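*Asks:* Pasting a structure below so you can have a look.
The values are calculated or read from the model by the stated rules, or taken from the named source; none is laboratory data. Please read these numbers as outputs of a predicted model, since none were measured by experiment. Quick reminder, even Gly has a Cβ in these numbers, built from the backbone with ideal geometry, and neighbours come from all protein chains shown. Each accessible area value is taken on the protein alone, full model and side chains, heavy atoms only, with ligands, DNA and RNA left out. Shrake-Rupley method; radii C 1.70, N 1.55, O 1.52, S 1.80 Å.
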Amino acid sequence: VTRPEGDTVEALNAYLAEIAQSIDEETRYDITLAPGRYEGTIVLPKDFGVSGGMFGEVNLIGSSSRTVLESVDLNGGVLFLQGVDFVSGGQESALYNGFAHAQRCSFTGYEIALDATASTIAASFCVFAGNGTAFRLKLEQGFMSSSSSSWAYNTFIDNGTAMQFISFNDIVTPYFFRIRESNFIDNDTDFDLQCPATLYF
């Protein structure tokens, strides 16, 4: 599915709500977003994509002419994103409240770019620049799809804190949280570990 020119957050939210009525684990949507900026917060339908396992049923793909998003409320759901630039429009976080895997995306200007509270959020081949905290892990509950988190080939540059770990839980342990082949450049703090844990690099 390719979204039309001039697409908006409101129209995209309505479309996601529509397909949520019929989507199941046998169905996967690859949605290519329109070029330009989607102003506001995309809100996934409640628990959207959970039945589809680790990668869910929806893949949002940025336009080859550049798609800019401001934030996505995962709403307990699962989402895979590819080739999207996140730039804050005043929102605290780019991705929060569920499980997501971002690939080849960028994140700029957030207080906490990826806020992993409801579940893990993973990133690969992404750039985090000029955020207060690029990634925060504070797991307060278990969640399917969150037993592993692949963090590879990312770049963290000019952030206050690159990666902050407040708590793990019985499902998501440090063993499953691997950080590899990444660059940390001119951040005030690269790793802020606030709980007993051994991280694997």
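*Asks:* For E57, which of the numbered conditions (1) open to solvent by less than 40 Å² (accessible area, probe 1.4 Å); (2) in contact with a helix residue (DSSP H, G or I) (Cβ under 9 Å, 6 or more places away or on another chain); (3) at pLDDT 85 or above; (4) not β-branched (V, I, T) fails to hold?
*Replies:* So E57 meets the others, but not (3).
*Asks:* Go through the residues of the stretch 148-159 one by one and say whether even a single one is of a type in the set (D, E, K, R) and at pLDDT 95 or above. Even if it seems obvious, please write down each step before you answer.
*Replies:* Our first condition is that a residue be of a type in the set (D, E, K, R); within the stretch 148-159, this holds for 158.
Among the residues that remain, those that are also at pLDDT 95 or above are: 158.
Yes.
For every residue, the table says whether it meets (1) over 17 Å from the mean Cα position of the chain (by Cα); (2) modelled with pLDDT of 95 or more; (3) on the phi > 0 side of the Ramachandran plot.
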{"position": "N97", "(1), (2), (3)": "no, no, yes"}
{"position": "F107", "(1), (2), (3)": "no, yes, no"}
{"position": "L114", "(1), (2), (3)": "no, yes, no"}
{"position": "A122", "(1), (2), (3)": "no, no, no"}
{"position": "I179", "(1), (2), (3)": "no, no, no"}
{"position": "T189", "(1), (2), (3)": "yes, yes, no"}
{"position": "L193", "(1), (2), (3)": "yes, no, no"}
{"position": "Y200", "(1), (2), (3)": "yes, no, no"}
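*Asks:* Something else now. Is it the case, given these coordinates, that A34 is under 29 Å from S167 (Cβ atoms) and not acidic (D, E)? Can you show your working first?
*Replies:* Details: under 29 Å from S167 (Cβ atoms): no; not acidic (D, E): yes.
Spelling it out, it is not the case that A34 is under 29 Å from S167 (Cβ atoms) and not acidic (D, E).
*Asks:* Can you find, within the stretch 69-101, the residue that is farthest from Y38 (Cα to Cα) among those that are open to solvent by 10 Å² or more (accessible area, probe 1.4 Å) and assigned to a strand (DSSP E or B)?
*Replies:* Top of the filtered list is H101.
*Asks:* Please state which of the following conditions D47 fails to meet, knowing it meets all the rest: (1) assigned to a loop (DSSP other than H, G, I, E, B); (2) without any contact (Cβ under 8 Å) to a residue 24 or more places away in the chain; (3) not aromatic (F, W, Y).
*Replies:* (2)
*Asks:* Related question: Among the residues that make up the stretch 6-13, is at least one of them of a type in the set (D, E) and over 22 Å from F128 (Cα atoms)?
*Replies:* Step one: filter the stretch 6-13 for residues of a type in the set (D, E), giving 7, 10.
This time we only want the ones that are over 22 Å from F128 (Cα atoms), so: 7, 10.
Checked against the condition, which is being of a type in the set (D, E) and over 22 Å from F128 (Cα atoms), the stretch 6-13 yields at least one hit.
*Asks:* What residue, among those in the stretch 35-54 that are more than 17 Å from A94 (Cα to Cα) and either crowded, with 21+ Cβ neighbours inside 10 Å or hydroxyl-bearing (S, T, Y) (or both), is modelled with the highest pLDDT?
*Replies:* If we take residues in the stretch 35-54 being more than 17 Å from A94 (Cα to Cα) and either crowded, with 21+ Cβ neighbours inside 10 Å or hydroxyl-bearing (S, T, Y) (or both), then F48 is modelled with the highest pLDDT.
*Asks:* Right, something else. Going through the stretch 105-117 one residue at a time, which ones are out of contact with any Asp or Glu (no Cβ under 8 Å at 6 or more places or on another chain), surrounded by fewer than 24 Cβ atoms within 10 Å (Cβ to Cβ) and either touching a residue at least 40 places away in the same chain (Cβ under 8 Å) or not in a loop (DSSP other than H, G, I, E, B) (or both)?
*Replies:* Hits for the stretch 105-117: nothing passes.
*Asks:* What is the number of the single condition among (1) over 23 Å from A20 (Cβ atoms); (2) modelled with pLDDT of 95 or more that F168 does not meet?
*Replies:* (2)
*Asks:* Exactly one condition in (1) at positive phi; (2) at pLDDT 90 or above; (3) crowded, with 16+ Cβ neighbours inside 10 Å is false for S145; which is it?
*Replies:* Every listed condition holds for S145 apart from (2).
*Asks:* Limited to the stretch 165-198, what total is found for residues that are part of a loop (DSSP other than H, G, I, E, B), under 22 Å from Y153 (Cβ atoms) and either open to solvent by 40 Å² or more (accessible area, probe 1.4 Å) or not aliphatic (A, V, I, L, M) (or both)?
*Replies:* The first filter runs over the stretch 165-198 and keeps only residues part of a loop (DSSP other than H, G, I, E, B), leaving 168-173, 181-182, 186-188, 194-198.
Right, trim to under 22 Å from Y153 (Cβ atoms) and you get 172, 181-182, 186-187.
Imposing the further condition that a residue be either open to solvent by 40 Å² or more (accessible area, probe 1.4 Å) or not aliphatic (A, V, I, L, M) (or both) reduces the set to 181-182, 186-187.
Total satisfying the criteria: 4.
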